[in-house]
Amino acid sequence: MNDFDVIIIGSGPGGYVSAIRCAQLGMKTAIIEKYNTLGGTCLNVGCIPSKALLDSSEHFYNAKHNFEEHGIKLSSLKADLKQMVERKNKVVSQTCDGIKYLMNKNKVEVFHATGSLVDSTTIKVTDLEGKEKMLKTKNVILATGSKPNFFPGMEPDKDRIITSTEALNMTEVPKKLLVIGGGVIGLELGSVFNRLGTKVEVVEFADRIIPTMDKTISKELTKVLKKEGFKFHLQHKVQKVTNTGKGVQLIALDKKNKEITFNADYCLVAVGRKPYTDGLGLENVGIKINKRGQIEVNENLQTSVPNIYAIGDVIRGAMLAHKAEEEGVFVAELLAGQKPHINYDLIPGVVYTWPEVAAVGKTEEELKEAGIEIKVGQFPIKALGRARASMDVLGLVKIIADKNTDEVLGVHMIAPRAADLIMEAVVAMEYRASAEDIARICHPHPTYSEAVKEAALDATEKRALHI
Ligand code: FAD
Ligand code: NAD
C-alpha cells in the first residue's frame, strides 16, 4: 500500500510547482526538502534575493547619478547595505512563507528532511534531527537542483573567495571585487556592488561577456557596463586564487600566456552551476549521471527507472526557474494521463543588469552557422520618446527573421524592462509570427514596446519609422 501517489524530492521552482499541479490533478502528493524553508535556490539564494538587491542598488544608483537631472536634489546620500540585506531577507522569507501557504492550500504533505531512494517505490526521509522514516510511493519526481560550480585553483572558501550565496549576504561594500565569469551571476551581482561604489573587475575565459547570447547584445552590454565602471579582462585563464587574509590574489594567464596578477578584497566565483545529486541514493535504483553530473531523462523526463522522473537544474537544458516550473507541470500532467508539451526552443533568457538583457530563439551566430538565410532588423532605445522622458536611453532591440518566409527566429534586446518586453516576442514566436505580423500590430505610445514594432519594421524592408 502506497503512502503517496507521488513524492517530489526538492522544493525549488521545479519541485513545488510540480507538487501543486500533481495535487490539483487529484494525486496524493508529498514534497521533501532538506532545508527548513521551501523554495529552493530560486527563492532562498537565487532569483528572488538577487533581484531584491538589484532593485535596491538601482534606486541608489539613480539617486546618485540621475535624480538631479530630474530636478530632485538630495542633501546627503548613503548606501546602507546592511538594511538592503535585511529588506532582501524579509522579501525572501515572505516569498518562502507563500510556498508554505500554497502547500497547505493544495494539501501537499511537506517533509523537512533529506530524501534518499531506497528502491523505486521507497524513499528514506532523514529529518533535521537525524530521525529516519520510510515512505512508499507510486511515482517519484527528482527536483534536487544545482550548486555553484568551480574549477581547480578557484575553490571557494566562503570567506574571501565566495559564491553567489555569500555575495547575497555581504553587509559591507567592498572597495574592490574580482568576479570570475562574465555570465549571468557575475554581471548581476557585479552590478549590485558596482552601483554601490565597489570597483568590479571581471575575469572571463571567453572572448566576450554573456558568450552564449547574441554577439550584438554582448557588445552593447559591454559598452554599457564599462561606462558604469566595470572592467573586463577577457580571454583570461584563471590559474589560482588565494585568500591572503585581508583580501585575495588572483593569478591568470592572458591570451598571450602572460601571467597577470590581480588583487582585491573579495573574489566571486561565478563560472556556472552543477547538478546536485549528493545523498540521493541514485545508485540504489541504478540511475546513472552523465559526464556533466546530470540525471539522464528521455523526452518524457523519465529516468531509466520508469516511475522515477527528473526535472529542473538536475537534468539537461537551461538552468532557469521558469524552465524547471514548466517541467514540473509537464510531469504532473503526464502522470495524470494528459499529453503535455514544452517548447524548449522558446524558453526566454534574461540578465537583470540595467538596462536588462532578454532573448528568445536563436542568435544570429547560430542561424548563420546552420546555413539559414536571415534578415535582421534593429532599433535603438534612444530613438523612443518614452526613453527620453524617463532618461533611460541605452540599448536596442534586434529581430532576426527568415529571409524567405519572414518567420521570426530570434529576438534579442538590451532595454529598460526587457525582461517583461521579451514576452511579446515569445507569444509571437509561439504562434510562428512573421516580422510583418509584429510590425502591423498597434503598440501603445509612448512605451518601450514601440522598439519591438520598429525593429520588426526594420526587418521587413527597412521601413522603421522613427530613425
Ligand atoms: P533548486 O531551486 O536548486 O531546488 C532544489 C531543492 O532541492 C533545494 O531546496 C535543495 O535543498 C533540495 N534538495 C536537494 N537534494 C535534496 C534531498 N536529497 N532531499 C531533500 N531536498 C533536497 N533563474 C531564473 O530563471 N531567473 C533568475 O533571475 C535567476 N536568478 C538566479 C540568481 C542566482 C544568484 C542563482 C544562484 C540562480 C538563479 N537562477 C535564476 C537559477 C534558478 O535559481 C534555478 O534555475 C532554479 O532554482 C532551479 O530550480 P530547481 O527546482 O531545479 O532546483
Ligand atoms: P553562466 O554560465 O551564465 O556564466 C559563466 C561564465 O563563466 C561564462 O561566461 C563562462 O565563459 C565563464 N567561465 C567558465 N569557466 C571559466 C573560467 N575557468 N575562468 C573564467 N571564466 C569562466 O553561469 P553563472 O553566471 O554562474 O550562472 C549559473 C546559472 O544560473 C546559469 O545557468 C543561469 O542560467 C542561472 N542564473 C540565471 C539568472 C537569470 O535568469 N537572470 C541569474 C543568475 C543565474
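The values are calculated or read from the model by the stated rules, or taken from the named source; none is laboratory data. Keep in mind that what you see is a predicted model, and the values were worked out from it rather than measured. Cβ sites come from the backbone with ideal geometry, for glycine too, and all protein chains shown count toward neighbours. For accessibility, only protein heavy atoms count, side chains too; no ligands or nucleic acids. Shrake-Rupley method; radii C 1.70, N 1.55, O 1.52, S 1.80 Å.
When the convex hull of its Cα atoms is viewed from all sides, segment 276-394 shows a mean projected area of 11.5 nm².
Evaluate E = 1/(1 + (r/R0)^6) for H70 and Q94, where r is the Cβ-Cβ distance and R0 equals 41 Å; express this FRET efficiency to the nearest 0.05. My answer for the efficiency is 0.85. Note on exposure: C267, C47 ranked by accessible area (1.4 Å probe, complete protein assembly) read C47, C267, with the most exposed listed first. Taking the 1.4 Å solvent-accessible surface of the chain as the whole, the part contributed by carbon and sulfur is 51%.
If you take all other residues with their beta carbon under 14 Å from the beta carbon of R386, and give Lys and Arg +1 and Asp and Glu -1, the sum is 0. Model label points for R316 and K226, set 7 angstrom from Cα along the Cα-to-Cβ axis, are 3.8 nm apart. In the assembled protein chains, L250 presents an accessible area of approximately 0 Å² (probe radius 1.4 Å). Rounded, prolate or oblate, given the Cα gyration tensor of segment 161-271, with a/c below 1.5 counting as rounded? Verdict is oblate for segment 161-271.
The order of the peptides 330-337, 50-57, 70-77 by mean Cβ neighbours within 10 Å, most packed first, is 50-57, 330-337, 70-77. Compute the FRET efficiency between E296 and A389 as 1/(1 + (r/R0)^6), taking r as their Cβ-Cβ distance and R0 = 51 Å, and round to the nearest 0.05. The calculated FRET efficiency here is 0.50.
Percent of Cα-Cα pairs more than 24 Å apart in segment 333-430, please. Result: 31 percent of Cα pairs exceed 24 Å. Residues whose amide H lies under 5 Å from that of V202, counting only those 5 or more places away or on a different chain, are V179, K231, F232, H233; hydrogens are built 1.01 Å from N in the peptide plane.
Each peptide in 350-359, 21-30 receives the mean, over its residues, of other Cβ atoms within 10 Å, and ordering these scores from highest gives 350-359, 21-30.
Count the net charge of all other residues whose Cβ sits under 12 Å from the Cβ of E259, scoring Lys and Arg as +1 and Asp and Glu as -1. That sum, taken over residues with Cβ under 12 Å, equals +3. Centre-to-centre separation between the Cα atoms of segment 38-78 and those of segment 398-467: 29 Å. Note that segment 429-436 has calculated 3J(HN,Hα) couplings of 6, 4, 8, 6, 5, 8, 4, 4 Hz, one per residue in order, obtained from phi through the Karplus relation 6.51 cos²θ - 1.76 cosθ + 1.60 (θ = phi - 60°); glycine and proline are x. Per-residue packing, averaged as other Cβ atoms within 10 Å, sorts the ranges 305-311, 169-175 into the order 305-311, 169-175, beginning with the highest.
I'd like the FRET efficiency for I260 and E155, computed as 1/(1 + (r/R0)^6) with the beta carbon distance as r and R0 of 22 Å, rounded to 0.05. Calculated value: 0.65.
Here segment 304-337 and segment 185-236 have alpha carbon centers that stand 32 Å from each other. A simple rule links phi to the HN-Hα coupling: the Karplus curve 6.51 cos²θ - 1.76 cosθ + 1.60 with θ = phi - 60°, which for segment 440-448 gives 8, 7, 6, 9, x, 10, x, 9, 5 Hz, with x for Gly and Pro. Restricting to segment 100-228, compute how many DSSP beta bridges are antiparallel as a %, nearest 5. Restricted to segment 100-228, the bridges split so that about 70 percent are antiparallel. By DSSP, the beta bridges lying fully in the chain are antiparallel in about 65 percent of cases.
Computed about the Cα centre, the dipole magnitude for segment 312-440 is approximately 440 debye when only Lys and Arg (+1) and Asp and Glu (-1) carry charge, each at its Cβ.
Neighbours of K175, meaning other residues whose beta-carbon lies under 15 angstrom from its beta-carbon, give a summed charge of +3 when Lys and Arg score +1 and Asp and Glu score -1.
Here's the picture: charge each Lys and Arg Cβ at +1 and each Asp and Glu Cβ at -1 in the chain, and of A19, Y309, T37 the one pushed furthest to the positive end of that dipole is T37. Rounded, prolate or oblate for the chain? Axes are the square roots of the Cα gyration tensor eigenvalues, ordered a ≥ b ≥ c, and the cut-off for rounded is a/c under 1.5. Cα axes put the chain in the oblate bin. Each label point was placed 7 Å from the Cα along the Cα-to-Cβ direction; for K105 and E430 their separation is 2.1 nm.
A dipole drawn for segment 126-280 from +1 and -1 charges on Cβ atoms has a positive end, and of T244, I260, S218 the residue lying farthest that way is S218.
Accessible area per residue (1.4 Å probe, heavy atoms of protein chains only) ranks Y266, Y431 as Y431, Y266, with the largest value leading. The mean sequence separation of alpha-carbon pairs under 8 Å and at least six residues apart, normalised by the residue count of the chain, gives a relative contact order of 15 percent. First check a/c for segment 66-215, with a ≥ b ≥ c the square roots of the eigenvalues of its C-alpha gyration tensor; if it is under 1.5, answer rounded, and if not, answer prolate when a/b is larger than b/c or oblate otherwise. Cα axes put segment 66-215 in the prolate bin.
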